[in-house]
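The values are calculated or read from the model by the stated rules, or taken from the named source; none is laboratory data. Please read these numbers as outputs of a predicted model, since none were measured by experiment. Cβ placement follows ideal geometry from the backbone for every residue including glycine, while neighbour counts extend to all protein chains displayed. Ligands, DNA and RNA are excluded from the accessible area calculation, which covers all protein heavy atoms including side chains. Shrake-Rupley method; radii C 1.70, N 1.55, O 1.52, S 1.80 Å.
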Amino acid sequence: MCDKLKIIAFYLPQFHPFKENDEWWGKGFTEWTNVGKAKPLFKGHNQPRVPTELGYYDLRLPIIREQQARMARDAGVTAFCYWHYWFGNGRRLIADIFDEVLNMGKPDFPFCLGWANHSWYAKNWNSDGTSTNKLLIEQTYPGIDDEKMHFAFLLRAFKDERYVKVDGSPLLYIFDPVGIPQEYLDNFRKWTKESGFTDLYLVANISSPNTRKTDMLAKGFNAVTYQRLGGITNKALRDMGRAGRGIYKTLKRIKGTVLHRPPFMTDYRKYYPLLVTDEDREENVIPSLVPQWDHTPRSGWNGSFFVNATPEYFYKHAVEALDAVREKKNKILFLKSWNEWGEGNFMEPDLTYGRGFIEALRKAVDGFGIK
């Protein structure tokens, strides 16, 4: 049981050059490249987003990681969930930052891992909203030798005293819970117990309306968390059916063409109450906090994004999310995200709002009385 509040923020360890990005996108490419070249798509569109206190940082600098941890504490965040990329047979990407955090023991700030178990593609967006994908690196599941190699890495992280645990069980978040073979989950759990831990606390990300919580629990996950971005909830998408979802997207594009605005724009003021639902009050559902979202630096006109995502409304959203966990045994929230600047999905200070989102979350945590 987790009596104390845990707010776990997703953390992208990408903001530094690495070999594969140089090969795919050009020498020195980082996420800042997309952030810096973003353009406003209409009058009042809050782009580009410009970092202030930390600047256009390089995550290879330990002092930046220390400053991020201090800011996270200021906000009431209790841990980072570092995105972890393991493509099979020991092939990893963006590994250096977390490896340094693990090897150096710094920053002295709790963490867990989120396995981003998906293939990487280069996307080219077409005028009709479709995209063509070029495979860059494929997610594979080679079998038992890979499982053992992967678990040996995970175990080293699990044994770190900073690693987030629920009832003595290390928390491991799985981005694609449908695609991961059952054998991997079963063996990871078995080996975690054999290593002296109570269990493995597995969390499934649900982003598709076709993914059901009951199926994920049957697969061995302890909890699920819903991704409700794009201006519509999972439940609404499920209720529409496949044909309805296609019609919905088509109508959005037509409306965007008529009004001369990007089609997938959503007013955060109206939408934030839908980010936390009655389902999030269930013990095996972990609510998500979403401060802001704007995918257009990556996907342009066809990107989904919020307008009016301000600290004022984020505070109200945070109060609702905190209320959803008040009576739970495990008072856990995910924060999406700490530093996904390329998706306009971050808490760090910028030119528009300064520390506004950090202060809004702190106010919600302090006012709600959960310690």
Exercise. Out of the stretch 118-224, which trypsin sites (Lys or Arg not before Pro) are coil in DSSP terms and have no more than 16 other C-beta atoms within 10 Å?
Worked result: Lys159, Arg212, Lys219
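Using helices alone, what [θ] at 222 nm do you get for the chain, with -39,500 (n - 2.57) per DSSP H run of 4 or more residues, divided over all residues and rounded to the nearest 500?
-11000 deg cm²/dmol
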Problem set entry | Segment Thr140-Leu274, extension gain: residue separation times 0.36 nm, minus the distance between their alpha carbons | 44.8 nm
For this session: Skip the ligands, DNA and RNA, and give the accessible area per residue of the chain with a 1.4 Å probe, whole Å².
Result: 43
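Which pairs break 18 Å Cα to Cα here: Lys6/Lys190; Lys106/Lys148; Lys4/Lys190; Lys316/Lys363; Lys159/Lys190; Lys193/Lys331? Mind dumping the intermediate values first?
Numbers: Lys6/Lys190 26 Å; Lys106/Lys148 27 Å; Lys4/Lys190 27 Å; Lys316/Lys363 10 Å; Lys159/Lys190 16 Å; Lys193/Lys331 23 Å.
Beyond 18 Å: Lys6/Lys190; Lys106/Lys148; Lys4/Lys190; Lys193/Lys331.
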Seminar exercise, completed: Taking every DSSP bridge whose two residues both lie in the chain, the antiparallel percent to the nearest 5 is 35
For this session: Any chance you could run the full-extension gain for Arg212 through Glu282? It's 0.36 nm times the residue separation minus the Cα-Cα distance, nm to one decimal.
Result: 23.7 nm
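Any chance you could list the semi-axes, whole Å, largest first, of the equivalent ellipsoid that the Cα gyration tensor gives for the stretch 99-230, using √(5λ)?
Value: 28, 19, 16 Å, ordered largest first.
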Exercise. Karplus couplings for the stretch 293-307 from phi (6.51 cos²θ - 1.76 cosθ + 1.60, θ = phi - 60°), rounded to Hz, Gly and Pro as x?
Worked result: 7, 7, 8, 5, x, 8, 10, x, 4, 8, x, 7, 6, 9, 10
Exercise. Rounded to a whole number of µm²/s, how large is the Stokes-Einstein D of the stretch 27-93 at 10 °C and 1.306 mPa s, given Rh as the Kirkwood radius over C-alpha pairs?
Worked result: 106
For this session: Over all alpha-carbon pairs of the stretch 281-345, lay out the pair-distance distribution in 10 Å bins, whole %, shortest bin first.
Result: 21, 42, 28, 9, 0
Exercise. For the stretch 47-126 and the stretch 275-346, what is the separation of their Cα centres, given in Å?
Worked result: 18
For this session: State the percentage of accessible surface on the stretch 45-154 attributable to carbon and sulfur atoms; use a 1.4 Å probe and exclude ligands, DNA and RNA.
Result: 50
Seminar exercise, completed: Output for the stretch 320-371: GluC sites (Glu not before Pro) sitting in coil per DSSP, at most 15 other Cβ within 10 Å, listed by number, reads Glu327
Problem set entry | Label point at Arg92 placed 7 Å out along Cα→Cβ; residues across the stretch 48-68 whose backbone nitrogen lies under 17 Å | 59-61
Seminar exercise, completed: Using alpha-carbon positions, the gyration tensor of the stretch 258-371 gives root eigenvalues a ≥ b ≥ c; with a/c under 1.5 called rounded, otherwise prolate if a/b exceeds b/c, else oblate, the class is prolate
Seminar exercise, completed: Here FRET efficiency (C-beta to C-beta, Glu312 to Lys39, R₀ 35 Å, nearest 0.05) is 0.85
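Just to be sure I understand: if I project the alpha-carbon convex hull of the stretch 1-159 onto a plane and average over all orientations, what area do I get in nm²? Can you show the working numbers first?
Details: hull surface 51.2 nm².
One quarter of the hull surface, i.e. the mean projection, equals 12.8 nm².
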Exercise. Once you list every other residue whose beta carbon is under 11 Å from the beta carbon of Leu202, what net charge do they have if Lys and Arg are +1 and Asp and Glu are -1?
Worked result: 0
For this session: Note down the Stokes-Einstein diffusion coefficient of the chain in µm²/s, whole number, using a Kirkwood radius over alpha carbon pairs, 10 °C, and 1.306 mPa s.
Result: 74
For this session: For Asn103 and Glu161, compute 0.36 nm times the residue count separating them, minus their Cα-Cα distance, and round to one decimal in nm.
Result: 19.6 nm
